[in-house]
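The values are calculated or read from the model by the stated rules, or taken from the named source; none is laboratory data. Because the structure is a prediction, the values reported are computed rather than measured. Cβ sites come from the backbone with ideal geometry, for glycine too, and all protein chains shown count toward neighbours.
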Amino acid sequence: MNYYQKEAQAVIAELKSDEDSGLSFSEVRARIQRYGKNVFTPKPKESLLVKIMESLKEPLIIILLISGVISLLMGHLPDGLGIFAAVLIATTISVIQEGKSDKAFEALAKLSDDVLVKAVRDRQIIHIPQSELTIGDIIHLETGEKVPADARVIHCSNLGIDESLLTGEAESVTKKSKPIERENCPLAEQTNMLFSGTMAIEGRAIAIVTAVGDQTEMGKIAEELKGETTAQTPLQEKLADLGKKISIIGSIVAAAIFLFELFIMYRQGLFVPGNIASALPGVKDAFITSVALIVAAVPEGLPTMVAITLAFNMQKMAKNNALVRKLIACETIGSVNVICSDKTGTLTENKMTVVEAWCNGQEASAESLNCPALLENFCLNTTADITKKDGQYTFLGNPTECSLLVYADTKQINYRDHRKRFGEPVAEYNFTSARKMMSTAYETADGYRIYTKGSPEKVLKISDRVLVNNEIVPLTQEHKDRIEAGIKELQDHARRVLAFAYTDFRAEPQWEDIYNVEKNLIFTGFVGIEDPLRKDVKEAIDQCRRAGIAVKILTGDNINTAKAIADQLEIIRKDSLALEVTDIDAMSDEELKSKLSNIVVIARSNPTAKMRVVKLLRENNASVVVTGDGINDAPALKAADVGVAMGITGTEVTKEASDIVLLDDSFSSIVKAIKWGRGIYENFQRFIQFQLTVNIVAFITVILAEIIGYKMPFTTLQLLWVNIIMDGPPALTLGLEPPREHLLEKRPIKRNASIVTKDMLLKIIANGLFIVAALIFLLRTQILGGSEAQQSTIVFTSFVLFQLWNAFNCREFGEKSIFPYIHKNKTMLGVVFLTFLIQIMVTQFGGQVFKTVPLEPYLWLRMLGFTFSIVVFSEFLKLIMRVGQKFVKINNL
């Protein structure tokens, strides 16, 4: 049986303590030895060397390291150093991003600063450090104090606890000492328990500590933050898969070419088993060529391109109020298809607001309400306060009461002036869970007046008159029916409804007799209070819907409020499910996984449930974003593909556990980040399409030349040069393409989808084969002119120019022409032109190194025209695709 199910005295007896005397100092020492101190156990930190070794385990990094070592062994110092530079950049970025878990844990530990708390020791109430509390300690808690450990309430008076950082529930929780019969009661409904890290906003309590340190609810979150390992993102998985495939295919092809070279040497009598020494020069050349092809196959520029692209786009996203803490999240957020969002402070403003009212016998909008008796009750029957600065209100006290004061302020009614005019209350009756009301009495010129507010049912029950058209008339059944109908309508829309009443006394009553004071009241009216949606959130949800992204609300609020918000956002469909956390707790993992696609609301959610939902969504191959602002959201944020924290209302723990922090707390900023993420993903695809085309051309041209019987079309250094410049600036500028406008109209990329699409594969093969055919054609003929000695230089330079032109083809996918966006990436235009100038220098003046000869200007012009044919061919291919799509549409109509 849980502590909340037991009587307080039974808990005290079970924990061998005493309400009056507390624990003895000797017993405290023994219990601290047994249970540990009231602190969180820190996570062991990994050494820098371990982090570096972990980052070097990436498949693509391993391939690059092997390629770099081979390049150095073959004497190709520049290429080897270039590869190692790429590895250094990628590893440095990876190591810097490590330790997010450590930072999140350290931030969480700050919540347990060693403040002094009041506890009973050896019959004395003394102040002790929070860390020295132990199980069985009797603690005293007052307004404004933080709960130092999990505890069972023994006695309390008007105790209100803000548990929003733990449960996500916006409203403060009224605590009581009575046991709760319900089993598996959610944290938000354990009204006789106090939880470490929460705050007492009103009242006082005496409680017995039931859990300390790691065993508290907050400690369990800390453990999840320590133990949860960050899984690979979809991009990392796809790049790893691509790296494996490139390494396997490249190695097989290179080995085949090496064996084919040996076979040719054998047929020519150059490779004789009995005279291996004479064949060594040829074997060495064949091996160097194979190694060059392997190096050419590996896109060593990819890690650098990823780092530069993400860093550049991180700055762009920051300008759109999305501060990226982890570079890889820039791309990953573009592939998400599920957003698990908190409600309070994320979808809503986390500001209770009066929106509707009933007063003076009729309904009234918040704008038209004009009822002095009701407004007086707002101002005088409250213990809350508000402050206003630069048009923004700060709540001090119960959020519901604060909303009433804000409303009065909008009506130019200063509640402080009312309080001064009426003076100090002569009697106050605090809200209790039994009465569900609170009352405050004042002395007036004609006697005394008491103001009451609370549950509509309770207030209506003790009223016998009603204010109608500024006249007090008997409360008839007809009045009650109208009032109850109005209340029900508001409740059906998930409004928090508060009713108000008052009465006057000629003579001073016996204030101690509360039940004779709170009776025969004049029912004034009631108001509907809501936590309004953020202004831009509905449009953002609509954009998510068009982008194929499902939004699920995981909130600590009750089911009615959560469903009402979901209805307003229009995310509930006929087959949608809105459940409480106890409903999903009763399901097996397989049952829950089968229903996750239909679940749109999980009310009374807790950290464990959020973690479970995220885990199962990912097992269903979903890419998940989790948003939140409270500590209860931190573990799920860390476990998600992308964790998004609120920058304004979010706790430091949440921010440290997140990948992206929204600087404006706006849900719409997530949608903007998704657009940028999708643009980044397309940029990676552009780079890969470009690189694989270069690889295919190099491989197939060399193979065909060998088969046909031509001499090697490129020297090893020429292959390495092409590899360097094509992995360099021209390719990197493809990562700077601005996101296209259509990106939010596309469906999300599936988690298990290949990064190389069918369209990309078609373009890679078609454009690659076109370039190969053109290069073979140049090997066979002298169509461009030039001498026999210039032909190998023409073939080499044409290979480079083909790839520079093809870089423009790689800017657009599908059937879209390259010309509408040709001017959007001015950096690429400049870099391609600069690379062309460098190629001229290499060709004209690098003969000794690259085995080239100078070419006349007319040959350069001819080569430019000849190689531009790849753009014409690609545009023609896209034209055919557009015509084919139109034909299909016409037939479908």
I need every pair where a residue in the stretch 240-260 that is assigned to a helix (DSSP H, G or I) has its Cβ under 7 Å from the Cβ of a residue that is surrounded by fewer than 19 Cβ atoms within 10 Å (Cβ to Cβ) and among the aromatic types (Phe, Trp, Tyr), sequence separation at least 6 or different chains. Phe258/Phe287
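Whether any residue in the stretch 512-521 is closer than 30 Å to Val624 by Cβ and in contact (Cβ under 8 Å) with a residue 40 or more places away in the chain is what I want to check. Full working, then the answer.
Step one: of the stretch 512-521, the residues closer than 30 Å to Val624 by Cβ are none.
No, there is no match, as no residue in the stretch 512-521 is closer than 30 Å to Val624 by Cβ and in contact (Cβ under 8 Å) with a residue 40 or more places away in the chain.
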Taking only the stretch 576-633 into account, find how many residues are more than 14 Å from the chain's Cα centre (by Cα), in a strand (DSSP E or B) and hydrophobic (A, V, I, L, M, F, W, C). 8
Please work out which residue is surrounded by the most Cβ atoms within 10 Å (Cβ to Cβ), limiting yourself to the stretch 350-367 and to residues that are in a strand (DSSP E or B) and in contact with a Lys or Arg (Cβ under 8 Å, 6 or more places away or on another chain). Glu356
Since Val209 meets every condition but one in (1) in contact with a strand residue (DSSP E or B) (Cβ under 6 Å, 6 or more places away or on another chain); (2) modelled with pLDDT under 70, which condition does it not meet? (2)
Counted residues, the stretch 440-464 - those being over 20 Å from Leu380 (Cβ atoms) and part of a strand (DSSP E or B): 1
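Looking at this structure, is Phe505 touching a Gly at 6+ places or on another chain (Cβ under 7 Å) and either among the basic types (Lys, Arg) or within 22 Å of Leu405 (Cβ to Cβ) (or both)? Don't jump to the end; show me each part of the working.
On the way: touching a Gly at 6+ places or on another chain (Cβ under 7 Å): yes; either among the basic types (Lys, Arg) or within 22 Å of Leu405 (Cβ to Cβ) (or both): no.
No: the conditions fail for Phe505.
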For the stretch 70-77, state whether one or more residues are at pLDDT 65 or above, under 24 Å from Asp241 (Cβ atoms) and crowded, with 18+ Cβ neighbours inside 10 Å. yes
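Yes/no matrix, rows are residues, columns are (1) of a type in the set (Lys, Arg); (2) at pLDDT below 90:
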{"site": "Ala373", "(1), (2)": "no, yes"}
{"site": "Ile386", "(1), (2)": "no, yes"}
{"site": "Gln392", "(1), (2)": "no, yes"}
{"site": "Val406", "(1), (2)": "no, no"}
{"site": "Gln412", "(1), (2)": "no, yes"}
{"site": "Val426", "(1), (2)": "no, no"}
{"site": "Glu443", "(1), (2)": "no, no"}
{"site": "Arg449", "(1), (2)": "yes, no"}
{"site": "Lys453", "(1), (2)": "yes, no"}
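Those residues that are assigned to a loop (DSSP other than H, G, I, E, B) and modelled with pLDDT under 80, I need them from the stretch 325-342; list them, please.
Scanning the stretch 325-342 gives Arg325, Lys326, Leu327, Ile328.
I'd like the full set of residues that are aliphatic (A, V, I, L, M) and either assigned to a loop (DSSP other than H, G, I, E, B) or crowded, with 19+ Cβ neighbours inside 10 Å (or both), limited to the stretch 7-34. Give the derivation first.
Of the stretch 7-34, the ones aliphatic (A, V, I, L, M) are 8, 10-13, 15, 23, 28, 30, 32.
Ala8, Val11, Leu15, Leu23, Val28 - these are the residues of the stretch 7-34 that are aliphatic (A, V, I, L, M) and either assigned to a loop (DSSP other than H, G, I, E, B) or crowded, with 19+ Cβ neighbours inside 10 Å (or both).
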Out of Ile794, Ile771, Ile783, Ile776, I need the residue that is under 30 Å from Val849 (Cβ atoms), assigned by TED's automatic domain parsing to the domain that holds Gln885 and in a loop (DSSP other than H, G, I, E, B). Which one? Ile783
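Conditions (1) closer than 21 Å to Ala807 by Cα; (2) touching a Leu at 6+ places or on another chain (Cβ under 9 Å); (3) modelled with pLDDT of 90 or more; (4) surrounded by fewer than 14 Cβ atoms within 10 Å (Cβ to Cβ), marked per residue:
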| position | (1), (2), (3), (4) |
| --- | --- |
| Gly830 | yes, no, yes, yes |
| Met841 | yes, no, yes, yes |
| Gly847 | no, no, no, yes |
| Leu855 | no, no, yes, no |
| Tyr858 | no, no, yes, yes |
| Lys889 | no, no, no, yes |
Would the stretch 385-392 turn up any residue that is surrounded by fewer than 20 Cβ atoms within 10 Å (Cβ to Cβ) and touching a Gly at 6+ places or on another chain (Cβ under 8 Å)? yes
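One line per residue, one yes/no per condition, for (1) surrounded by 15 or more Cβ atoms within 10 Å (Cβ to Cβ); (2) in contact (Cβ under 8 Å) with a residue 40 or more places away in the chain; (3) within 53 Å of the chain's Cα centre (by Cα); (4) under 27 Å from Asn350 (Cβ atoms):
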residue: Met438; (1), (2), (3), (4): yes, yes, yes, yes
residue: Leu467; (1), (2), (3), (4): yes, yes, yes, no
residue: Leu475; (1), (2), (3), (4): yes, yes, no, no
residue: Asp481; (1), (2), (3), (4): no, no, yes, no
residue: Glu484; (1), (2), (3), (4): no, no, yes, no
residue: Leu490; (1), (2), (3), (4): yes, yes, yes, yes
residue: Arg496; (1), (2), (3), (4): yes, yes, yes, yes
Just name the residue that is surrounded by the fewest Cβ atoms within 10 Å (Cβ to Cβ) out of those in the stretch 517-568 that are of a type in the set (D, E, K, R) and assigned to a loop (DSSP other than H, G, I, E, B). Lys535
